[in-house]
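Just so it is clear, none of the values below were taken in a lab; they were calculated from the coordinates. Computed from a predicted model, the values in this text were never measured in an experiment. Cβ coordinates were reconstructed from backbone atoms using ideal geometry, including for glycine residues, and neighbour counts include every protein chain displayed.
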Amino acid sequence: MTETLHTTKHRAVDMVMDKSPYLNAFFLIGIVALAFLYIGQINQAAGAGFKLNELQASMETLRIANQQLEYRAAENRAMHNVSRRVSILGMVRPSEVSYVSVEPPTVALSQ
């Protein structure tokens with residue numbers, strides 16, 4: 001009984017294949033197209049991974065450069081460096097300081 005059922009299933013498949021001679025070619029082309037799509041997606045994912053690694057390395061390089069620049073800026077703001085540059089530029093302390101006061105404050109009005 002099972003042998004007859006098995007043979008009947010094969011006959012049904014054979015009949016479908018015989019009725020449509022291009023069905024095998026269609027399935028083969030479909031499988032090949034899906035394989036190419038899959039390979040394309042894998043390639044795209046790998047390329048994105050490489051780009052991500054490049055960007056992370058670039059970010060680390062920029063982070064180090066930023067730290068160095070912050071250190072140099074802090075060093076340039078240090079009082080001993082400012083005092084040294086003041087004497088090099090020939091600046092002197094003022095003997096008298098005068099302030100200008102404006103009363104009342106004036107502002108422009110928009111129309």
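Scanning region 53-83 for residues that are β-branched (Val, Ile, Thr) and farther than 30 Å from Arg93 by Cα yields a total of 2. Among the residues of region 69-90, write down those that are surrounded by 10 or more Cβ atoms within 10 Å (Cβ to Cβ), under 35 Å from the mean Cα position of the chain (by Cα) and of a type outside the set (A, V, I, L, M). Glu70, Tyr71, Arg72, Glu75, Asn76 - these are the residues of region 69-90 that are surrounded by 10 or more Cβ atoms within 10 Å (Cβ to Cβ), under 35 Å from the mean Cα position of the chain (by Cα) and of a type outside the set (A, V, I, L, M).
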